[in-house]
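Colleague: Quick one: the structure is below, questions incoming.
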Amino acid sequence: MEDVKEVFLKDYKKPEYEIKEVDLTFELYEEYTTVTNVMQMHKLNKDTSDLELNSIDLELVELWINDLKLKETRYIYKNEKLTILNVPSKFTIKIINTIYPDKNTELEGLYKSGSIFCTQNEPEGFRRITPYLDRPDVMSVFTTTIIAEQEKYPILLSNGNKKQCSEFMNSKHEVTWYDPHPKPSYLFALVAGDLGCVNDAFTTASGEGIELNIYCDKGNESKCSHAMKSLKESMTWDEEKYGREYDLEIYNIVAVDSFNMGAMENKGLNIFNSHYVLANEDTATDANFMGIQSVIAHEYFHNWTGNRITCRDWFQLTLKEGLTVFRDQSFSADLNSREVQRIEDVKALRERQFVEDASPTSHPIQPKSYISMNNFYTATVYEKGAEVIRMIHTLLGVEDYRKATDLYFESFDGQAVTTNDFLWAMSKASGVDLTQFERWYHQNATPVLQVKENFSDGVYTLTLTQNIPNSIDNEIQEPYYYPLKMALIDNEGNEILEETLIISKDEESFSFENLAFKPIVSLNRDFSAPIILEQESTDFAFLMKHDKNSFVRYESAQVFATQTIEAMMKGENIDQEFVSSYGYLLDLDVDLSYKALILELPSVSTLMQRQESIDFDAIYKAKEELSKHLAAVYENKLLSIYIEHHKPSSIDISSESMGSRSIKNRCLRILSSSLQGKITELASAQYDHSLTMTDRIVALDILESTGNESATSALNDFYRKYKNDTLVMNKYFSILAASDREGTLDRVMALQNDEVYDEKVPNLVRSLIGVFARNYKHFHAKDGKGYKFLAHKIIEIDKINPQMASGLAGAFKIYAKINKINQKIIKCELERVLSTHSLSKNVYEIINKILKL
Ligand code: BES
Ligand code: ZN
């Protein structure tokens, strides 16, 4: 890998040219596409003479400057750059080039998903379509004309408003789109195909009528209604909460089956992985419905946070992604259960981001360098980025936060800006000094806060010490500034006070006076800061029963369960106080989805993060033993909750119905760790009679783990019913790949030959190979076969789709923390991958980082 180039934030330079307008014409043929690209160029830096355009894998046909066709001596095309020598200060350049969408398996640039032409250009895909200044700080007004066969491609879409359509004599037609909002190339999109469409309308607060369309494969139109509803909810919410209205005549969403990511916010033409659009109760789980709502919202919200105001360079990615994730989280919290949403968000943060931040690929939310930008769409940039915005929201308060976002939109509309510009607006509008806070953008690793308590003479004192790990390059890092929401509680559970402390020093003390008894402290309420608390003596049993803050209550149950499991791993008996506290939770009269969450035992992923040298077997064994014990002790109670809430014919997705399903499925899962025969019967009945996919998947998952005949027959039945629905087949592959049962790896290998499986479709690869790589038991098997299999797949898939391959390589991020035996095998496998001929820079970057440590 000699030709890998590392890009550094410190090397940022302003663009040397401006593209005032760009006019694109696409002629789509079956074997190739011709692109004609006409740009109005203005030189910004008078000292440059050449024009350097980004360009990957393009076949140049003709180059013109101001009506003059260029001879080949006037330009050089090499190393992904097209250099045109000696250009004037103002000129029109016309480039004609050919591309091959049908052969594009990377799914970047213009490619085909089945028979649909579609694009994915963020971050650097546009250079695979036509030579361009493919960087987010070059913003231009786009006009796009698409010419294709009328019959095969009746729908031709691009960004902006439809300007013109015409039919030709030769069975072709042409459509022209004009997008008045200047935008960077990564937001360009094109779609062509024979698509079904669901149409609706929205009227903005200022009375503009907007046409809404969701396009999908014909036959799937009826599965678009939840997405459409979510889109309208998002539009209303952004008007009410941020004062932001939509700004084009049309909002189009297209669902495609082959897509590397979840969805993309192209201006006026979002392209979605069909997983985040299509749903009905028969094919989608409750979690799928929630996912659709939040991803539709996320991409819609980008219209202001990302599109109207975009990033100066890719190091600023969290400017749009962190902020937009915070916005979609707030939206989901407003529309559903706030407490459940917060816990789900924190769970995701801990399981993905905390793991990443403790790994060799740890980086600040604003990274300092990258080799492949595709590798930096990370949990850190997204989820930790969202936590950083949330802290700003907490520090400013609701009203000043709104003033500050108003100022941000007013000051930077139409520009490509930095995270510092955002912080400037936050601080300017509120008067809050964010100088020290800025460290959250530049430092990496999860900070720890050590808590010491003291009580004497009616004074309670909290002494808090920030324990900041060194950076990934072993540099000393400075203490953070953040809000720590806390409360003091008396021994009957009454709140004495609630306050938000500002933490800013290495060590500081906070005292509370005039207390008759030693209070119990409730810390980091609502998870007000993304930190790890080290609290020794706290009475978690008390807090899990009595804390009024739903987050701390959940958290205390998790910590108590963790302590119990860790003691068991050291050979101690099951803590009976935990068992009785768990019984107390079973009796609680609270929101059912919330109840299902607090009854969940900590995940293997959270438990392993706490170990010096990870030993999966020990974690699994202790967790299973505790589950079994709880199932045995509370059998009757669990069964009666199950029966009370099991309504096989209920199919609605109201929060009450979702709550019922989640609590009774939680009970069924706990029960399934013991009482095999009886539970198999219940699960079989649930599989046979329930009308929702939510219920069927839980039942199938439980049955699969038993491995008996009822499992085989249910799995066969499922396959027969859904083999033509690839979105549902993803679930089938995932259940088998996540299985605890012996022989899972062999079954995963065999499933690759299933007629439904296709290595070119990212969703299928993720459901089978990706899920297997997170099956700790089998992936980390001591014989090393799981590692060998994944290494082999990474090499193979890298040749098809490097972004997918580097995603799979992420499973090795825990390398540094794993026990020595497994580590040795991983090292050997990763070295094998690194020595592969023509490895992509995506995979190289990830594996190289992992091995360096
Ligand atoms: N802008 C991204 C899409 C994207 C991701 C482009 C990676 C290029 C590389 C989009 O807004 C996004 O963030 N999508 C997420 C889903 C979202 C709800 C977090 C995704 O695709 O995972
Ligand atoms: Zn996004």
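Colleague: Output the residue which, of all residues in the range 211-246 that are out of contact with any helix residue (DSSP H, G or I) (no Cβ under 8 Å at 6 or more places or on another chain) and part of a strand (DSSP E or B), is most open to solvent (accessible area, probe 1.4 Å).
Modeller: The selected residue is 211.
Colleague: Something else now. Considering each residue of the range 805-853, count those that are more than 28 Å from the chain's Cα centre (by Cα), of a type in the set (A, V, I, L, M) and more than 21 Å from residue 769 (Cβ to Cβ), and give that number.
Modeller: Residues in the range 805-853 being more than 28 Å from the chain's Cα centre (by Cα), of a type in the set (A, V, I, L, M) and more than 21 Å from residue 769 (Cβ to Cβ): 1 in total.
Colleague: Please find, within the range 525-538, the residue that is modelled with the lowest pLDDT out of those that are surrounded by fewer than 16 Cβ atoms within 10 Å (Cβ to Cβ) and in a loop (DSSP other than H, G, I, E, B).
Modeller: Per the criteria, the residue is 537.
Colleague: What number of residues within the range 306-321 are within 14 Å of ligand 2 (Cβ to nearest atom) and not in a loop (DSSP other than H, G, I, E, B)?
Modeller: 10
Colleague: Does residue 295 meet the test of being without any contact (Cβ under 8 Å) to a residue 40 or more places away in the chain and touching a helix residue (DSSP H, G or I) at 6+ places or on another chain (Cβ under 7 Å)?
Modeller: The answer is yes for residue 295.
Colleague: Looking at 418, 405, can you tell me which residue is away from ligand 2 (no atom under 15 Å from the Cβ) and open to solvent by 20 Å² or more (accessible area, probe 1.4 Å)?
Modeller: Just one listed residue meets the conditions, 418.
Colleague: Further, regarding this structure: Find the residue count for the range 466-486, including only residues that are buried (at least 16 other Cβ atoms within 10 Å of the Cβ) and closer than 15 Å to residue 529 by Cα.
Modeller: Just the residues of the range 466-486 that are buried (at least 16 other Cβ atoms within 10 Å of the Cβ), to begin with: 466, 468-469, 471-472, 477, 479-486.
Then drop every residue that is not closer than 15 Å to residue 529 by Cα, which leaves 466, 468, 479-486.
Of the residues in that region, 10 qualify.
Colleague: Of the residues 760, 782, which single one is in contact (Cβ under 8 Å) with a residue 60 or more places away in the chain and of a type outside the set (Asp, Glu)?
Modeller: Residue meeting the stated conditions: 760.
Colleague: May I pose another question? I want to confirm something. Restricting to the range 117-138 and keeping residues that are over 10 Å from residue 186 (Cα atoms) and open to solvent by 10 Å² or more (accessible area, probe 1.4 Å), which single residue is farthest from the chain's Cα centre (by Cα)?
Modeller: 133
Colleague: With open to solvent by less than 10 Å² (accessible area, probe 1.4 Å), away from ligand 2 (no atom under 14 Å from the Cβ) and not aromatic (Phe, Trp, Tyr) as the only criterion, which of 252, 303, 273 stands out? Let's see the steps before the verdict.
Modeller: Numbers: 303 fails: away from ligand 2 (no atom under 14 Å from the Cβ); 273 fails: away from ligand 2 (no atom under 14 Å from the Cβ).
Just a single option satisfies the conditions, and that option is 252.
Colleague: Residue 44: modelled with pLDDT of 95 or more, in contact with a Pro (Cβ under 9 Å, 6 or more places away or on another chain) and open to solvent by 40 Å² or more (accessible area, probe 1.4 Å), yes or no?
Modeller: yes
Colleague: Tell me yes or no: at least one residue of the range 542-551 is among the acidic types (Asp, Glu), open to solvent by 50 Å² or more (accessible area, probe 1.4 Å), touching a residue at least 12 places away in the same chain (Cβ under 8 Å) and in contact with a Ser or Thr (Cβ under 9 Å, 6 or more places away or on another chain).
Modeller: Scanning the range 542-551, I find no residue that is among the acidic types (Asp, Glu), open to solvent by 50 Å² or more (accessible area, probe 1.4 Å), touching a residue at least 12 places away in the same chain (Cβ under 8 Å) and in contact with a Ser or Thr (Cβ under 9 Å, 6 or more places away or on another chain), so the answer is no.
Colleague: On to the next question. Would you check if residue 297 is part of a loop (DSSP other than H, G, I, E, B) and open to solvent by less than 20 Å² (accessible area, probe 1.4 Å)?
Modeller: Judged against the criteria, residue 297 is not a match.
Colleague: Which of the residues belonging to the range 598-619 are under 24 Å from residue 549 (Cβ atoms), hydroxyl-bearing (Ser, Thr, Tyr) and part of a loop (DSSP other than H, G, I, E, B)?
Modeller: Within the range 598-619, 603 is the sole residue that qualifies.
Colleague: All but one of (1) surrounded by 20 or more Cβ atoms within 10 Å (Cβ to Cβ); (2) free of Cβ contacts under 8 Å to residues at least 24 places away in the same chain; (3) hydrophobic (A, V, I, L, M, F, W, C) hold for residue 331; which doesn't?
Modeller: (2)
Colleague: Taking the range 620-636, which residues are within 31 Å of the chain's Cα centre (by Cα) and either among the hydrophobic types (A, V, I, L, M, F, W, C) or in a loop (DSSP other than H, G, I, E, B) (or both)? Steps first, answer last, please.
Modeller: Taking the range 620-636 first, the residues within 31 Å of the chain's Cα centre (by Cα) are 620-624, 627.
Correct list: 622 only.
Colleague: Go through the range 76-116 and count every residue that is open to solvent by less than 20 Å² (accessible area, probe 1.4 Å), of a type outside the set (Val, Ile, Thr) and part of a strand (DSSP E or B).
Modeller: 7
Colleague: Just a yes or no: is a residue in the range 827-843 closer than 21 Å to residue 353 by Cα, in a helix (DSSP H, G or I) and open to solvent by less than 30 Å² (accessible area, probe 1.4 Å)?
Modeller: Scanning the range 827-843 turns up at least one residue that is closer than 21 Å to residue 353 by Cα, in a helix (DSSP H, G or I) and open to solvent by less than 30 Å² (accessible area, probe 1.4 Å).
Colleague: Name the single residue, out of those in the range 45-75 being part of a strand (DSSP E or B) and touching a helix residue (DSSP H, G or I) at 6+ places or on another chain (Cβ under 9 Å), that is farthest from residue 123 (Cα to Cα).
Modeller: Across the range 45-75, the extreme among qualifying residues is 65.
Colleague: Please list, ordered by first then second residue, the pairs with beta carbon atoms under 7 Å, 6 or more apart or interchain, first in the range 835-847 and β-branched (Val, Ile, Thr), second open to solvent by 40 Å² or more (accessible area, probe 1.4 Å).
Modeller: Pairs that qualify, where the first residue is β-branched (Val, Ile, Thr) and the partner is open to solvent by 40 Å² or more (accessible area, probe 1.4 Å), are 847/834.
Colleague: What is the one condition in (1) open to solvent by 50 Å² or more (accessible area, probe 1.4 Å); (2) within 15 Å of residue 185 (Cα to Cα) that residue 37 does not satisfy?
Modeller: (1)
Colleague: Whether any residue in the range 235-252 is of a type in the set (Gly, Ala, Ser) and within 18 Å of the chain's Cα centre (by Cα) is what I want to check.
Modeller: Looking through the range 235-252, none of the residues is of a type in the set (Gly, Ala, Ser) and within 18 Å of the chain's Cα centre (by Cα).
Colleague: In addition: Kindly provide the set of residues from the range 373-398 that are in contact with a helix residue (DSSP H, G or I) (Cβ under 6 Å, 6 or more places away or on another chain) and more than 11 Å from ligand 1 (Cβ to nearest atom), ordered by number.
Modeller: Within the range 373-398, 380, 384, 388, 389, 390, 392, 393, 396 meet the criteria.
Colleague: Please state which one of 580, 627, 640 is under 20 Å from residue 542 (Cα atoms), without any contact (Cβ under 8 Å) to a residue 60 or more places away in the chain and out of contact with any Lys or Arg (no Cβ under 8 Å at 6 or more places or on another chain).
Modeller: 580
Colleague: Residue 362 - would you say it is within 16 Å of ligand 1 (Cβ to nearest atom) and over 30 Å from residue 512 (Cβ atoms)? Walk me through it before giving the result.
Modeller: Values: within 16 Å of ligand 1 (Cβ to nearest atom): no; over 30 Å from residue 512 (Cβ atoms): yes.
The answer is no for residue 362.
Colleague: Another question about this same structure. Just give me the residues in the range 247-257 being in contact with an Asp or Glu (Cβ under 7 Å, 6 or more places away or on another chain) and either in a strand (DSSP E or B) or within 15 Å of ligand 1 (Cβ to nearest atom) (or both), in sequence order.
Modeller: To start, the set of residues in the range 247-257 that are in contact with an Asp or Glu (Cβ under 7 Å, 6 or more places away or on another chain) comprises 249-250.
Scanning the range 247-257 gives a single hit, 250.
Colleague: So which of 266, 288, 280, 260 ends up being under 16 Å from the mean Cα position of the chain (by Cα), in a loop (DSSP other than H, G, I, E, B) and either within 13 Å of ligand 1 (Cβ to nearest atom) or surrounded by fewer than 24 Cβ atoms within 10 Å (Cβ to Cβ) (or both)?
Modeller: Only one candidate qualifies: 260.
Colleague: Here are the criteria: (1) modelled with pLDDT of 95 or more; (2) of a type in the set (A, V, I, L, M); (3) open to solvent by less than 70 Å² (accessible area, probe 1.4 Å). Tell me which single one residue 4 does not satisfy.
Modeller: (1)
Colleague: Which residue pairs have Cβ atoms closer than 7 Å, lie 6 or more positions apart in sequence or on different chains, and pair a first residue in the range 368-389 that is within 18 Å of residue 473 (Cβ to Cβ) with a second residue that is modelled with pLDDT under 95?
Modeller: 371/4
The values are calculated or read from the model by the stated rules, or taken from the named source; none is laboratory data. Computed from a prediction, not measured in an experiment: that's the story for all the values here. Neighbour counts are summed over all protein chains in view; Cβ atoms, including those assigned to glycine, are modelled from backbone coordinates with ideal geometry. Just the protein is used for accessible areas: all its heavy atoms, side chains included, with ligands, DNA and RNA removed. Shrake-Rupley method; radii C 1.70, N 1.55, O 1.52, S 1.80 Å.
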